[in-house]
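Asks: If you scroll down you'll find the structure; I have some questions about it.
Nothing in this text is a laboratory measurement; each read-out follows from the coordinates by a stated rule. Note that the structure is a prediction, hence the values are computed from the model and not measured. FYI the Cβ positions are ideal-geometry reconstructions off the backbone, even for glycines, and counts take in every protein chain you see.
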Amino acid sequence: EAEVAQSPRYKITEKSQAVAFWCDPISGHATLYWYRQILGQGPELLVQFQDESVVDDSQLPKDRFSAERLKGVDSTLKIQPAELGDSAMYLCASSASGGASYNEQFFGPGTRLTVL
Amino acid sequence: AQSVTQPDIHITVSEGASLELRCNYSYGATPYLFWYVQSPGQGLQLLLKYFSGDTLVQGIKGFEAEFKRSQSSFNLRKPSVHWSDAAEYFCAVGPGGATNKLIFGTGTLLAVQP
């Protein structure tokens with residue numbers, strides 16, 4: 001069964017350092033999402049890609065966060081510099097696109113980030 | 001603005017007992033509604049979804065949910081809980097449209113007593 005892959009699964013870093021997370025969506029899925037899930041809360045969308053283009057990054061803290069999906073397949077989310085408040089689970093999801101109805105999002109296992 | 005409320009932060013039930021997890025949404029029209037489950041340290045798995053039609057929706061693992069427009073609710077139910085159901089459950093609303101965006105509630109953590 002096709003799955004969304006994410007790495008690393010766990011990352012510990014010190015504040016002010018740079019971190020990067022990688023996501024490989026299900027093959028053929030044109031839409032890719034990055035969510036941040038703070039402990040005790042539901043996931044919050046950070047950025048959404050359609051192929052290589054950003055569709056929604058309204059909740060992305062652009063002063064320190066960046067995301068790219070250069071070839072419209074895998075994606076990288078970067079934080080520089082990391083802050084204590086960035087400690088969270090970062091989830092990647094993907095979905096097919098097209099058509100008038102909603103396309104189910106499939107989630108990866110996430111990257112647990114701890115900033116010390 | 002669209003929002004989702006899950007009023008129960010933590011629920012404990014005995015194995016074999018019935019379960020109902022509450023979800024209320026705020027949205028101008030009929031949204032797409034979802035329930036996801038998240039086991040510790042894992043990503044989210046879709047349990048069921050409602051787009052239109054029959055208001056009682058069947059999902060995986062023996063779960064069902066009922067859409068009640070008059071109450072703006074989409075409560076999740078299971079007639080007999082198993083120990084493996086212990087997890088966190090998230091209700092989500094999808095406003096639809098081109099963005100395919102999901103807005104999640106804060107989750108309900110389910111503990112199952114033997």
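Asks: Write out the GluC sites (Glu not before Pro) in the range B:5-114 meeting two conditions: DSSP loop, and at most 15 other Cβ atoms within 10 Å of their Cβ. Kindly include the intermediate steps, with their values, before the conclusion.
Replies: On the way: sites: B:Glu15, B:Glu20, B:Glu64, B:Glu66, B:Glu88; in loops: B:Glu15.
Those satisfying the criteria are B:Glu15.
Asks: Please work out the Kirkwood hydrodynamic radius for the protein assembly as shown, using every pair of different C-alpha atoms, and report it in angstroms with one decimal place.
Replies: Numbers: mean 1/r = 0.0548 Å⁻¹.
By the Kirkwood definition, the hydrodynamic radius is 18.2 Å.
Asks: Can you run phi through the Karplus equation (6.51, -1.76, 1.60; θ = phi - 60°) for the range B:21-30 and list ³J(HN,Hα) in whole Hz, with x for Gly and Pro?
Replies: Rounded to whole hertz, the list is 10, 8, 8, 10, 10, 10, 6, x, 10, 6.
Asks: Moving on to the next point. Which cross-chain or sequence-distant (5 or more) residues have an amide H under 5 Å from the amide H of A:Ala5, H modelled 1.01 Å from N in plane?
Replies: Amide H to amide H, under 5 Å and 5 or more residues apart or across chains, A:Ala5 pairs with A:Asp24.
Asks: Further, regarding this structure: Output the pairs from A:Lys78/B:Lys101; A:Lys62/B:Lys61; A:Lys78/B:Lys61 with a Cα-Cα distance over 28 Å in this structure; if there are none, say none.
Replies: Values: A:Lys78/B:Lys101 21 Å; A:Lys62/B:Lys61 40 Å; A:Lys78/B:Lys61 36 Å.
Long pairs (Cα-Cα over 28 Å): A:Lys62/B:Lys61; A:Lys78/B:Lys61.
Asks: Let's see if you can work this out: charge +1 on each Lys and Arg Cβ, -1 on each Asp and Glu Cβ, no other charges. What is the dipole magnitude of chain A about its Cα centre, in debye to the nearest 20?
Replies: On the way: 10 positive and 15 negative charges, 73 e Å.
Using only the charged Cβ atoms, the result is roughly 360 debye.
Asks: Take the Cα atoms of the range B:74-114, build their convex hull, and give its volume per residue in Å³. Write out the running numbers ahead of the final one.
Replies: On the way: hull volume 3.4 nm³, N = 41.
Spelled out: Cα convex hull of the range B:74-114, divided by residues, is 83 Å³.
Asks: Pop the C-beta distance of A:Ile38 and B:Leu56 into the FRET formula with R0 = 41 Å and round what comes out to the nearest 0.05.
Replies: Details: r = 33 Å, r/R0 = 0.81.
The value I calculate is 0.80.
Asks: Based on Cα coordinates alone, diagonalise the gyration tensor for the range B:1-44, multiply each eigenvalue by 5, take square roots, and list the semi-axes in whole Å, largest first.
Replies: Numbers: eigenvalues 118, 43, 20 Å².
Square roots of five times the eigenvalues give 24, 15, 10 Å.
Asks: Would you calculate the volume per residue, in Å³, of the smallest convex hull containing every Cα atom of chain B? Show your work: numbers first, answer last.
Replies: Working: hull volume 11.6 nm³, N = 114.
So the per-residue Cα hull volume is 102 Å³.
Asks: Between A:Arg9 and B:Ser26, how high is the FRET efficiency from 1/(1 + (r/R0)^6) when r is the Cβ-Cβ distance and R₀ = 41 Å? Nearest 0.05. Spell out each step's value before the answer.
Replies: Details: r = 35 Å, r/R0 = 0.85.
With R0 = 41 Å, the Cβ-Cβ based efficiency is 0.75.
Asks: How large is ³J(HN,Hα) for each residue in the range A:9-18, as worked out from phi by the Karplus curve 6.51 cos²θ - 1.76 cosθ + 1.60 (θ = phi - 60°), to whole Hz, x for Gly and Pro?
Replies: 7, 9, 9, 10, 9, 9, 4, 6, 7, 9
Asks: Another question about this same structure. Once you average over the residues of A:104-113, how many Cβ atoms of partner chains fall within 10 Å of each Cβ? List each step's numbers first, then the result.
Replies: Details: counts 5, 9, 4, 7, 3, 4, 5, 0, 1, 0.
For this peptide, the per-residue mean of nearby foreign Cβ atoms is 4.
Asks: Using unit Cβ charges (K, R positive; D, E negative) and no other charged atoms, how large, in debye to the nearest 20, is the dipole of the range A:50-98 about its Cα centre? If you can, show how the numbers build up before the last one.
Replies: Numbers: 5 positive and 9 negative charges, 16 e Å.
With only Lys, Arg, Asp and Glu charged at Cβ, the dipole is about 80 debye.
Asks: Based on DSSP, what percent of beta bridges with both residues in chain A are antiparallel, to the nearest 5? It would help to have the intermediate numbers written out before the result.
Replies: Working: 33 of 37 bridges.
Among the beta bridges of chain A, antiparallel pairing accounts for roughly 90 percent.
Asks: With +1 assigned to the C-beta of every Lys and Arg and -1 to the C-beta of every Asp and Glu, and no other charges, what is the dipole magnitude of the range B:35-114 about the Cα centre in debye, to the nearest 20? Don't skip to the end; give the middle numbers.
Replies: On the way: 7 positive and 5 negative charges, 30 e Å.
It works out to roughly 140 debye.
Asks: Could you give me the ³J(HN,Hα) list for the range B:8-20, computed from phi with Karplus coefficients 6.51, -1.76, 1.60 and θ = phi - 60°, whole Hz, x at Gly and Pro?
Replies: After applying 6.51 cos²θ - 1.76 cosθ + 1.60, I find 9, 6, 9, 9, 10, 10, 7, 4, x, 7, 7, 9, 9 Hz.
Asks: Wrap a convex hull around the Cα atoms of chain A, take a quarter of its surface area, and give that in square nanometres. Mind showing how you got there, number by number?
Replies: Values: hull surface 28.9 nm².
Result: 7.2 nm².
Asks: Just to be sure I understand: of the beta bridges DSSP finds with both ends in the protein assembly as shown, what percent are antiparallel, rounded to 5? All intermediate terms of the calculation are to be shown ahead of the outcome.
Replies: On the way: 66 of 75 bridges.
For the protein assembly as shown, the DSSP antiparallel bridge percentage is about 90.
Asks: Right, next: Which lysines, on any chain, are close to B:Lys68 with Cα under 20 Å apart, when same-chain ones fewer than 8 places away are left out?
Replies: B:Lys49, B:Lys78
Asks: Tell me, what is a quarter of the convex hull surface for the C-alpha atoms of the range B:15-74, in nm² with one decimal? Before the final figure, lay out each step's value.
Replies: Working: hull surface 20.4 nm².
Projected over every direction and averaged, the Cα hull of the range B:15-74 covers 5.1 nm².
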